[in-house]
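To keep things clear, I will list the structure first and then write my remarks on it.
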């Protein structure tokens, strides 16, 4: 059986204790593996093991200390929680000195057990994520390095960028405000073929034909990113279209946070220019569509903010993370970055306000985020979202009506 970050390997020679621990974990929606001895346990602790270990100290033959040593030889950062009997606390303290993650005294209250195990699982998940990112950094993949997230939606975005970047064609990057349009454009630039020039960013609203020519010259051999392209004055739009037809000399990447088709219909965006830029569209999802990425992104932003401020990285409590996930984040990644800086500096903000909300309101916000994420993944198809969420269709539609969510807003062509 393969392990996952939510797997706990339970090791105890007492079958009744082993079963009780396993049931407690499974009732908390954790996956548990059971072993009655060191020999049984070590078969699960291979280099690919991604879970954590919960082991009794006293066992016949090789005990919990032997298991701790074996686990450390396989992976020095593998969390091992030791269970101690009466009189074994000095041994447990010694084990902590040897690298055990924590210890619990038997009999252990379920709440205490789950609190320690959850902390170990969070630590393990962070270690594995950091390792994955390090590998991606070493392989030189800008999409993996700069576009973070572990959700399917985040992976789909990286896959789209990897598919678009090597073509060298014009690209239109769209997304809600604060979602990171400029960053995606930079990743496309870095992954473009035969790039020799710089990544040049210009606010499209400030360009006239002459300024456009200067920007294209500055980006020669590289990429020119036109932020909020629909705001570009008409003379510059015509000049840009002409340069595209003649050969711009730089890769053109346009960004927009609004509805581009509406801009075309309103006459603010030249239709032919829009269709030339929209050959390779890339859409960035909102944070509301991928709430499961919030923990990964927030930890990353906290680490960056701490480095920038010259402060230690503060510990993020489960309650604080739950409050983050209860937020709607209309400002997307930009507002999450601001929240991370305030957190590092110890300043109150929206997260504190969310934590002070009642349980019902926090749960409602999380439920709304999960509904939006499911609809986004299923391209606005409510019937498919109902299947994924394991909800009757009527129940789903009732919830959508309660939160004012319209499935058609999540349909992509």
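The values are calculated or read from the model by the stated rules, or taken from the named source; none is laboratory data. If you're wondering where the values come from, they're calculated on a predicted model, not measured in any experiment. Virtual Cβ from ideal backbone geometry, glycine too; neighbours counted across all protein chains shown.
For this structure, a couple of remarks:
- Test for residue 258: is it assigned by TED's automatic domain parsing to the domain that holds residue 280, out of contact with any helix residue (DSSP H, G or I) (no Cβ under 9 Å at 6 or more places or on another chain) and under 18 Å from residue 279 (Cα atoms): no
- Region 103-123, residues that are touching a strand residue (DSSP E or B) at 6+ places or on another chain (Cβ under 7 Å) and under 15 Å from residue 317 (Cα atoms): 116, 117, 120, 121
- Checked against (1) touching a helix residue (DSSP H, G or I) at 6+ places or on another chain (Cβ under 9 Å); (2) touching a residue at least 40 places away in the same chain (Cβ under 8 Å), residue 213 passes all but a single condition, namely (2).
- Number of positions in region 315-350 that are over 18 Å from residue 118 (Cβ atoms) and assigned to a helix (DSSP H, G or I): 15
- Taken over region 73-87, the criterion of being touching a helix residue (DSSP H, G or I) at 6+ places or on another chain (Cβ under 7 Å) and more than 17 Å from residue 59 (Cα to Cα) is satisfied by 77, 78, 79.
- Candidates in region 311-327 are the residues that are modelled with pLDDT of 80 or more and surrounded by fewer than 16 Cβ atoms within 10 Å (Cβ to Cβ); of these, the one that is farthest from residue 123 (Cα to Cα) is 312.
- Check on residue 192, at pLDDT below 95 and either in contact with a strand residue (DSSP E or B) (Cβ under 6 Å, 6 or more places away or on another chain) or within 11 Å of residue 253 (Cβ to Cβ) (or both): yes
- Residue 66 satisfies every condition listed in (1) in contact with a helix residue (DSSP H, G or I) (Cβ under 6 Å, 6 or more places away or on another chain); (2) modelled with pLDDT under 90; (3) surrounded by 17 or more Cβ atoms within 10 Å (Cβ to Cβ) except (3).
- Residue within region 293-305 that is farther than 27 Å from residue 162 by Cβ, in contact with a helix residue (DSSP H, G or I) (Cβ under 8 Å, 6 or more places away or on another chain) and in contact (Cβ under 8 Å) with a residue 24 or more places away in the chain present: yes
- Checklist (1) at pLDDT 85 or above; (2) part of a helix (DSSP H, G or I) applied to residue 58, failing item: (2)
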